[in-house]
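The structure appears below as structure tokens.
FYI, it's all coordinate maths here, none of it is from the lab. Fair warning: this is a prediction, and the values are worked out from it, not measured in the lab. Glycine also receives a Cβ, built like all others from the backbone with ideal geometry; neighbour counts cover every protein chain displayed.
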Amino acid sequence: MDVEAAQGKPAQQVARAVATELAAAGIAHAAPDARWLIAARTGVDPHRYPLRLLPAERLPDLAEAVARRVAREPLQLIVGTTSFRGIELACRHGVFIPRPETEVVAGAAIEAALAAPLADAGRGRRRLVDVGTGTGAIACALAVEVPHADIVAADADAAAVDLARTNVARVRAGDAAVPGVADSTTVAVVQGDLLAAVDPAWRGHLDVLVANPPYLPDVDRETWEPEVRDHDPHAALIGGSDGHEVVEALLHLAISWLRPGGSVVVEIDERRSAEAQRAAHTAGLVEVTLLADLAGASRAVVARRPGSLA
């Protein structure tokens, strides 16, 4: 972006020039990216205030942000946040950026949690676990929308655990575009692989187990866009040489960790939906269904442990 050329120009005109530059770099959603970069770096939303002049002192910062996006750095890392079910989540290098498609996974977990009775061991509490929490996106969504719940968010990566704790704290404080957590709900973020760091006393008592695990095969690396290849941690994407290893492990763990009638929701590779259903049945789960995202792709496998929630 040419700083001198942008001086004295209205926001709308600068946005068009930035969008043209981003499109030339191969960025598919150039216009909305231009809008968010300008709003984040200058404080002026070109969509809402098209004729407002951009502050000259902020233009060098905008030019630096545009250069980073042209180099195919993800928008979320440049502006430092992303939105997930209305929650403003902090994003950092080295931690997987949550995708909009995962919002339907969180929605299915929320629906299952709200359907769970508050009677486990007389505690009057719901027990929910989010495995591979990353930024804490799903755990934060559960915390905001499910009352009377104890939530554990787990991740094997220390950087993800640190960021998830930051995002949970922002939600609690009302600093994440939401008022705070739901009534009487608690959230703890722990470090460990899969369910290794979850209190073993919770085994057999979970109302909901939800996860967005790594589920892509190793051969997919060659097909990734630069934003994914160069910035998302590969451990959060690759589920093993086959790609399905972690999904199958979670489905088999679910049968022993869920309470009778409890639900598991696991995001999957749409290409492996039939295998995910078979794995769920093999694990002993029932009412196995596939959850479609807004594009119609199979986004998650949803199942229950046999038995009644009552």
**Prompt:** When the Karplus curve 6.51 cos²θ - 1.76 cosθ + 1.60 is applied with θ = phi - 60°, which whole-Hz ³J(HN,Hα) does each residue of the stretch 10-21 get, with x for Gly and Pro?
**Reply:** x, 4, 4, 5, 5, 4, 5, 5, 5, 4, 4, 5
**Message:** For the chain, set up a GNM with springs between Cα atoms under 10 Å and report which of Ala297, Ala254, Ala106 has the largest fluctuation.
**Reply:** Ala297
**Most mobile listed residue (Ala295, Ala40, Ala30) in the chain, GNM with C-alpha springs under 10 Å** = Ala295
**Request:** Would you be so kind as to identify which of Val208, Gly124, Pro60 lies farthest towards the positive end of the dipole of the chain, taking Lys and Arg as +1 and Asp and Glu as -1 on Cβ and the Cα centre as origin?
**Result:** Gly124
**Item:** Calculated from backbone phi, Karplus (6.51, -1.76, 1.60) coupling profile of the stretch 66-77 in Hz, x at Gly/Pro
**Value:** 4, 4, 5, 6, 4, 6, 6, 6, x, 4, 5, 6
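Mean separation of Cα pairs under 8 Å and 6+ residues apart, divided by the residue count of the stretch 3-71: what relative contact order is that in percent?
Relative contact order comes out at 41 percent.
Which value, in debye to the nearest 20, gives the size of the charge dipole of the chain about its Cα centre, when Lys and Arg are +1 and Asp and Glu are -1 at the Cβ?
Here the size comes out at about 780 debye.
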**Request:** Give the calculated FRET efficiency between Val219 and Ser83 to the nearest 0.05, with a Förster radius of 41 Å applied to their Cβ-Cβ distance.
**Result:** 0.80
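With +1 on each Lys and Arg Cβ and -1 on each Asp and Glu Cβ, and nothing else charged, work out how big the dipole of the stretch 3-71 is about its Cα centre, in Debye to the nearest 20. Could the numbers behind the result be given before it?
Details: 9 positive and 7 negative charges, 40 e Å.
Charge dipole, the stretch 3-71, about its Cα centre: 200 debye, nearest 20.
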**Prompt:** Ranked by Cβ crowding within 10 angstrom, fewest neighbours first, how are Ser263, Ser256, Ser241 ordered?
**Reply:** Ser241, Ser256, Ser263
**Request:** Name the residue, out of Gly192, Gly261, Gly174, whose mean-square fluctuation peaks in a Gaussian network model built on the chain with Cα pairs under 10 Å.
**Result:** Gly174
**Request:** Please check which bits of the stretch 25-60 a label hung off Gln7 would reach, taking the label as a point 7 Å along Cα-to-C-beta and the cut-off as backbone N under 15 Å.
**Result:** 54-60
